[in-house]
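Have a look at the structure below before the remarks.
The values are calculated or read from the model by the stated rules, or taken from the named source; none is laboratory data. Please read all numbers here as calculations on a predicted model, not as lab measurements. Neighbour counts are summed over all protein chains in view; Cβ atoms, including those assigned to glycine, are modelled from backbone coordinates with ideal geometry.
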Amino acid sequence: MSYQFILVEPRYEQHIALVQLNRPKELNALHLELMAEVRDALKSLDQDPEVRAIILTGNERAFAAGADIKQMAGKNAIDMLLIDQFSTWDTIKKIKKPIIAAVSGFALGGGNELVMHCDMVIASETAMFGQPEIKIGVMPGAGGTQRLTRNVGKVNAMEMVLTGKFINAQRAYELGLVNRVVPVELYLEEAVKLAREVVQLSPIAIKLAKEAVLKAYDSPLSEGLEFERKNFYMLFATEDQKEGMAAFVEKRAAEFKGR
Ligand code: DAK
């Protein structure tokens, strides 16, 4: 597939794919065309058996400064409804392979919401996170009020959503929005290191474990525990479970096949 607004390297490293948002002049503002490409790329990588983890990144100055305000400015409610951007975001939400966000610079509005669709987040010291929609007369529309609140708690989410103020990488770390903060020249490398750890494990166990962790967002504890239990049992039907446990007993490295 060829893309205009993103760069995609399905074989960035063994089992690791890289997707880079690429509208640098516009600070990677997420217009509809770019989001459609992100959706298509992630979907295709999700189906690519060689890929076991995906890194989503921008550039040093911006991960993404939000949805494209210039594209949205003239729209009315019916236009927005008919565009149905939610189907794009819903597809991204359903990607089964782990996605690691490597964030530097601005991650604002839809940019921060896209980060929150990822499973782990490495931030550069220069990263800034925010939901500034309130400053342009609207509010978060791609899950910001819900995911942010679950991630950072009510009062912190309220402060970000109701003032539009940005937080820096260190504060994002303190609030649990990112896994760690590294010097700017290392953020992509650190994301790759994290991906390397994941891709050597059983892809099928990773997939079912990701699904179970995400279930915690949507369900009461008892339902989530039931779900976890079923996925846990299911893994005992895999070759990877036999291989992983045999390798432990035989004191050797496991060779996982994702079956
Ligand atoms: N949209 C369009 N263009 C943008 C942009 C954006 N969000 N952010 C930056 N740009 C453009 C600027 O217009 C400028 O373009 P030129 O004027 O040079 O042509 C260029 O990028 C560089 O930006 P600045 O000159 O402003 O750079 P500064 O360093 O001075 O400032 C900034 C950087 C990030 C603080 C500033 O650009 C800024 O405040 N940007 C807007 C941030 C923002 O408000 N973001 C939230 C947008 S609303 C939904 C899904 C998602 C959403 C809604 C619904 N559904 C599924 C329904 C999301 C909504 C949003 O994200």
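For the range 120-130, how many residues meet the condition of being surrounded by 20 or more Cβ atoms within 10 Å (Cβ to Cβ) and in contact with a Lys or Arg (Cβ under 9 Å, 6 or more places away or on another chain)? Residues meeting the conditions: 5.
The residue that is farthest from the chain's Cα centre (by Cα), counting only those in the range 4-35 that are within 15 Å of Phe106 (Cβ to Cβ) and among the charged types (D, E, K, R), is Lys25. For the range 5-55, the tally of residues that are assigned to a loop (DSSP other than H, G, I, E, B) and closer than 13 Å to Ile95 by Cβ stands at 4. Just one residue in the set Thr145, Thr149, Thr88 is over 13 Å from the mean Cα position of the chain (by Cα), among the hydroxyl-bearing types (Ser, Thr, Tyr) and near the ligand (Cβ under 10 Å from one of its atoms); that residue is Thr88.
Would you say Ile69 is hydrophobic (A, V, I, L, M, F, W, C), within 11 Å of the ligand (Cβ to nearest atom), modelled with pLDDT of 95 or more and surrounded by 15 or more Cβ atoms within 10 Å (Cβ to Cβ)? Taking the combined requirement at face value, the residue satisfies it.
Scanning the range 154-169 for residues that are out of contact with any Phe, Trp or Tyr (no Cβ under 7 Å at 6 or more places or on another chain) and touching a residue at least 12 places away in the same chain (Cβ under 8 Å) yields Asn156, Ala157, Met160, Val161, Leu162, Thr163, Gly164, Lys165, Asn168, Ala169.
Yes/no per residue for (1) of a type outside the set (Ser, Thr, Tyr); (2) under 16 Å from Ser2 (Cβ atoms); (3) within 16 Å of the ligand (Cβ to nearest atom):
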{"residue": "Ile16", "(1), (2), (3)": "yes, no, no"}
{"residue": "Asn28", "(1), (2), (3)": "yes, no, yes"}
{"residue": "Ala36", "(1), (2), (3)": "yes, yes, yes"}
{"residue": "Leu45", "(1), (2), (3)": "yes, yes, no"}
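Residue count for the range 213-259 under the criterion of being within 20 Å of Lys96 (Cβ to Cβ), of a type in the set (Gly, Ala, Ser) and either assigned to a helix (DSSP H, G or I) or within 25 Å of the chain's Cα centre (by Cα) (or both): the result is 5. Entry remark, the range 157-176: residues being under 21 Å from the mean Cα position of the chain (by Cα) and either near the ligand (Cβ under 9 Å from one of its atoms) or buried (at least 18 other Cβ atoms within 10 Å of the Cβ) (or both) number 7 in total. Only one entry of Ala247, Ala209, Ala195 meets the criterion of being at pLDDT 95 or above, surrounded by 13 or more Cβ atoms within 10 Å (Cβ to Cβ) and more than 19 Å from Ile54 (Cα to Cα), and that entry is Ala247. Applying a threshold of 8 Å to beta carbon distances and a minimum spacing of six or more residues, or different chains, the list of pairs starting in the range 75-86 at a residue that is of a type in the set (D, E, K, R) and ending at one that is part of a helix (DSSP H, G or I) and away from the ligand (no atom under 11 Å from the Cβ) is empty. Of the residues making up the range 177-192, just one is assigned to a strand (DSSP E or B) and either at pLDDT below 95 or surrounded by fewer than 17 Cβ atoms within 10 Å (Cβ to Cβ) (or both), namely Arg180. The set of residues in the range 55-66 being hydrophobic (A, V, I, L, M, F, W, C), in contact (Cβ under 8 Å) with a residue 60 or more places away in the chain and within 12 Å of the ligand (Cβ to nearest atom) consists of Phe63 alone. Scan the range 59-82 for residues that are among the aliphatic types (A, V, I, L, M) and in contact with a strand residue (DSSP E or B) (Cβ under 9 Å, 6 or more places away or on another chain) and the total you get is 4.
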